[in-house]
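Some notes on the structure that comes next.
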């Protein structure tokens, strides 16, 4: 069962469901979040393709462990790097998201 779900709406609607084993999150100030991905090549390319197709500031919802979808804006994606995990080759990259805030 996936632990993290990313979803984009509109004409290019897509959903990406991931186990948390591939994801590490870092909170930054002002609602910015760095999401680090590490996975075997095939899975990493699937994840990368989802984010690489997004436009800057495009809304993306993220639901962690069915706690409810929270809307973010996509800010950017890093280049893919080669890595190793327990002797096995992996690919790593990160995505920057900005928490969407509504002002009343």
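Could you say which residue among 37, 6 is touching a helix residue (DSSP H, G or I) at 6+ places or on another chain (Cβ under 6 Å) and either surrounded by 18 or more Cβ atoms within 10 Å (Cβ to Cβ) or part of a strand (DSSP E or B) (or both)?
37
If a residue must be loosely packed, with under 13 Cβ neighbours inside 10 Å and in contact with a strand residue (DSSP E or B) (Cβ under 9 Å, 6 or more places away or on another chain), how many such residues does region 54-67 contain?
Selection size over region 54-67: 5.
In contact (Cβ under 8 Å) with a residue 24 or more places away in the chain and either surrounded by fewer than 14 Cβ atoms within 10 Å (Cβ to Cβ) or not in a loop (DSSP other than H, G, I, E, B) (or both), is that true of residue 21?
Considered against the rule, which asks whether it is in contact (Cβ under 8 Å) with a residue 24 or more places away in the chain and either surrounded by fewer than 14 Cβ atoms within 10 Å (Cβ to Cβ) or not in a loop (DSSP other than H, G, I, E, B) (or both), residue 21 comes out as no.
Take region 58-81 and flag every residue that is assigned to a loop (DSSP other than H, G, I, E, B) and within 16 Å of residue 22 (Cβ to Cβ).
65, 78, 80, listed by residue number.
Tell me whether region 42-57 contains one or more residues that are touching a residue at least 40 places away in the same chain (Cβ under 8 Å), more than 10 Å from the chain's Cα centre (by Cα) and assigned to a strand (DSSP E or B).
Within region 42-57, not a single residue is touching a residue at least 40 places away in the same chain (Cβ under 8 Å), more than 10 Å from the chain's Cα centre (by Cα) and assigned to a strand (DSSP E or B).
Name the residue, out of 31, 10, 83, that is over 13 Å from the mean Cα position of the chain (by Cα) and in contact (Cβ under 8 Å) with a residue 60 or more places away in the chain.
31
Laboratory data are not the source of any read-out in this text; all were calculated from the coordinates shown. Keep in mind that what you see is a predicted model, and the values were worked out from it rather than measured. Note that we place each Cβ from the backbone using ideal geometry, even for glycine, and neighbour counts take in every protein chain shown.
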